[in-house]
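The values are calculated or read from the model by the stated rules, or taken from the named source; none is laboratory data. Note that the structure is a prediction, hence the values are computed from the model and not measured. For neighbour counting, all protein chains shown are included, and Cβ atoms are generated from backbone atoms with ideal geometry for every residue, glycine included.
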Amino acid sequence: MSNFTFWWRKSSQVKKRRSLQRNRHRFTAQADILASIEIDQLTNRGIKGIILDLDNTIISEDDRYLSPEAENWIQQAKLAGLSFFILSNGKRRYRVLYWSQRLDIQAINPAKKPFPHSFRKAMTYMQLPPKQVIVIGDSFHTDVMGAKFCGCSCIQVATLPHPPRWWERLAGKFVQTPYPTGYELWEFYPAAYQSFL
């Protein structure tokens, strides 16, 4: 083995070890729905803040379905001392404003996920470093990748049923997990939006 090859392997091993040490707090997991995530497991891992997606995570994009027990789960997580921030790429700002007020959570819209700027603003607002923040959302290309770009852990939940967009017809199974059969769906009535239009 030449000196150069030996040096290259040694250098690669050191870089890999440093990267693992830097990112040992990060993890990526999957869950069926928001309410199925164990709050105790988050707090035991040192998580103090949650960056939350809105569309197809809490409420379906077409406003037909609400994730079961999502609001109760958020209240329980707040009681456990967790801070929240909503990041949404949705085009209808009145929806984000409505849910921000209903859940009493600050929000940014449009968040332009997965670009890290809005994630950093959310962490600054919560006054937390990336290792104490977890991103929860349904899309790999916006929520999971955004978490990776800003150094946070992530949980990808199954996407609530909604009419598929053109890119979801092409790449849906690669970026989203279908809603599990056997789980109930709560209906939502968007008439509540009227005062926010």
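A few points about this structure:
- Looking across region 155-197 at every residue that is surrounded by fewer than 10 Cβ atoms within 10 Å (Cβ to Cβ) and hydrophobic (A, V, I, L, M, F, W, C), the one that is modelled with the highest pLDDT is identified as 191.
- Near pairs, Cβ below 7 angstrom, 6+ apart or cross-chain, from region 63-88 (farther than 24 Å from residue 132 by Cβ) to any residue that is of a type in the set (Asp, Glu) and surrounded by fewer than 20 Cβ atoms within 10 Å (Cβ to Cβ): 64/187; 65/187; 68/184
- Every pair of residues 6+ apart whose Cβ atoms lie under 8 Å, when the first sits in region 179-194 and is free of Cβ contacts under 8 Å to residues at least 60 places away in the same chain while the second is in a loop (DSSP other than H, G, I, E, B) and exposed (fewer than 14 other Cβ atoms within 10 Å of the Cβ): none
- Condition met for residue 88 (under 15 Å from residue 143 (Cβ atoms), in contact with a Lys or Arg (Cβ under 9 Å, 6 or more places away or on another chain), modelled with pLDDT of 95 or more and among the small types (Gly, Ala, Ser)): yes
- Restricting 178, 164 to those that are assigned to a loop (DSSP other than H, G, I, E, B) and more than 19 Å from the chain's Cα centre (by Cα) reduces the list to 164.
- Hits in region 122-146 - residues which are farther than 18 Å from residue 45 by Cα, of a type outside the set (Phe, Trp, Tyr) and in a helix (DSSP H, G or I): 122, 124, 141, 142, 143, 144, 145, 146
- Counting residues in region 54-72 that are out of contact with any strand residue (DSSP E or B) (no Cβ under 9 Å at 6 or more places or on another chain), over 21 Å from residue 158 (Cα atoms), in a helix (DSSP H, G or I) and at pLDDT 95 or above gives zero.
- Of all residues in region 89-116, exactly one satisfies the criterion of being in contact (Cβ under 8 Å) with a residue 60 or more places away in the chain and of a type in the set (A, V, I, L, M), namely 97.
- Only listed residue being free of Cβ contacts under 8 Å to residues at least 60 places away in the same chain, in a helix (DSSP H, G or I), farther than 26 Å from residue 184 by Cβ and not charged (D, E, K, R), chosen from 149, 119: 149
- Among residues of region 77-110 being touching a helix residue (DSSP H, G or I) at 6+ places or on another chain (Cβ under 7 Å) and part of a helix (DSSP H, G or I), the one that is nearest to residue 56 (Cα to Cα) is 95.
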